[in-house]
Protein chains: 2
Amino acid sequence: MAKPKPRTRDADATKSRILAAAKSEFARLGLGGARVDEIAEKARANKRMIYHYFGSKEDLFRVVLEEAYLDIRNAEQGLELDHLPPVEALETLLRFTWQYYLDNPEFITLVNSANLHRGRHLEGSERLQMASRRLVRMVQDILDRGVESGVFRAGIDAVQLNITIAAIGYYYLTNRFTGAILFERDFMEDAALQQRLAFNIDTIMRLVTV
Amino acid sequence: MAKPKPRTRDADATKSRILAAAKSEFARLGLGGARVDEIAEKARANKRMIYHYFGSKEDLFRVVLEEAYLDIRNAEQGLELDHLPPVEALETLLRFTWQYYLDNPEFITLVNSANLHRGRHLEGSERLQMASRRLVRMVQDILDRGVESGVFRAGIDAVQLNITIAAIGYYYLTNRFTGAILFERDFMEDAALQQRLAFNIDTIMRLVTV
DNA sequence: CTAGTAACGCACCGTTTAGTTACTTTTAAG
DNA sequence: CTTAAAAGTAACTAAACGGTGCGTTACTAG
């Protein structure tokens, strides 16, 4: 349906170029460190366009953040974990979360920035709350099925488990620079990454199985 | 020995006032967001003094960061865990780490800032590496004693365990703002904090015990 | 074809920024 | 008391900074 017409003016394309450039700059330097001029240049757009489409630097940050969260939430749903037995489903979610963080390093720094600013830019986002509820329900369902089939113990809070799954991957990756200095290891070496993933799977499995 | 002379000019006092103000501002707004003028004002000092004592904004950040890390590493050593049986020692370390994060929220945001800048401000800090080595040795010793007495399983990497202990507390607290929005919970309520600490102790104990 | 509108870009504004210069005041040793 | 170094201040600068005013160009409905 969509015509591949080579436009010289294309609002949607310009908007998404701005969004991509903003994501990269906000992730690299934080909200305070990113420069609107730099975003405009990287987007091959004009600064005026940023203000035209997004209103302000902070509003642009808001959109970037919400998109980043919705991206991972949608990708999680694409796993279709309800088709898998509980243990496999949980391990698949763990591996996915780890790989997503590795493939999308901007996500982690964007979330850090959002929290440095006390979550102010995400307040009242209905879309995000809906997407998050779906994730919690998905994990709760895995837990329930595991309890029913006798492989998982009862009484585990799905939210706490979700937080823990994210934590053990996220922390390792976000603090890999200071970690490398403190622990005198290369955190990003292939062997180190594999070892960490295995450790994390072990941690979670020991936590949930009977 | 130290004379309690009421000085109107006191280099050490001024320096530590600057350091305290800088720590607070860097933690609150990040390296890019913090303002040198604001730090000077909060320290009841002059901006010139900051440049006199610390050279540049980045060098000031460097000192703040190193001090923050050395503080927690010293506090950990004060626990004297080698006097405790392995299970108690590990639980004490866990509770301490959790409480330290709660009592020193600046620590977490400073570490986040350090990693946003790829650890560049901590490079080549011998003091920090020494302090970190002591921590790893301490945990390794707890693990060894636990294996010997038959309560812990063998083959657990002390560094991975250290990272995991930090991760499950750190992530919960640093991402409490976006967490509150996503999961529609108050992360800082007394009951929620207690529940999380209990969950974390459970996670680690299941990970290390046979 | 033509007008109206959406997309775009230049050049600038007022403010803020890290860092500096030139100067004064306090301290303490001899 | 003298004096020189250390501690402290205010006013300044040059270069960003986020944000805008206003004019121009391409697209499209009629």
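The values are calculated or read from the model by the stated rules, or taken from the named source; none is laboratory data. Source: prediction; values computed, not measured. Here Cβ is always computed from backbone atoms with ideal geometry, including for glycine, and neighbour counts include all displayed protein chains. Note: accessible area is taken over every heavy atom of the protein model, side chains too, but ligands, DNA and RNA are not part of it. Shrake-Rupley method; radii C 1.70, N 1.55, O 1.52, S 1.80 Å.
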Filtering segment B:180-196 down to residues that are open to solvent by less than 30 Å² (accessible area, probe 1.4 Å), part of a helix (DSSP H, G or I) and of a type outside the set (D, E, K, R) yields B:Ile181, B:Leu182, B:Ala192, B:Leu193
Here the residues within segment B:83-96 that are assigned to a helix (DSSP H, G or I) and open to solvent by 30 Å² or more (accessible area, probe 1.4 Å) are B:His83, B:Val87, B:Glu88, B:Glu91, B:Thr92, B:Arg95, B:Phe96
Q. In this structure, does B:Leu79 turn out to be over 22 Å from A:Arg118 (Cα atoms) and in contact with a Phe, Trp or Tyr (Cβ under 9 Å, 6 or more places away or on another chain)?
A. yes
**Message:** One residue is enough: does segment B:30-40 have a residue meeting the conditions within 16 Å of DNA strand D (Cβ to nearest atom), more than 14 Å from chain A (Cβ to nearest Cβ) and open to solvent by 60 Å² or more (accessible area, probe 1.4 Å)?
**Reply:** yes
Return a yes/no flag: does segment B:28-47 have any residue that is within 27 Å of B:Glu126 (Cβ to Cβ), within 16 Å of DNA strand C (Cβ to nearest atom) and not in a helix (DSSP H, G or I).
-> yes
Among B:Leu135, B:Leu193, B:Leu143, B:Leu182, the single one that is away from chain A (no Cβ under 11 Å) and under 29 Å from A:Leu116 (Cα atoms) is B:Leu193
Exercise for the section: Could you tell me whether segment A:84-103 includes any residue that is out of contact with any Lys or Arg (no Cβ under 9 Å at 6 or more places or on another chain) and within 16 Å of DNA strand C (Cβ to nearest atom)? Expected result: no
Screening A:Leu79, A:Leu65, A:Leu70, A:Leu94 for residues that are in contact with a His (Cβ under 8 Å, 6 or more places away or on another chain) and within 30 Å of A:Asp141 (Cβ to Cβ) leaves only A:Leu65
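A quick yes/no check of all residues on (1) more than 19 Å from the chain's Cα centre (by Cα); (2) open to solvent by less than 30 Å² (accessible area, probe 1.4 Å):
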| site | (1), (2) |
| --- | --- |
| B:Trp98 | no, yes |
| B:Leu116 | no, no |
| B:Leu122 | no, yes |
| B:Ser125 | no, yes |
| B:Ser149 | yes, no |
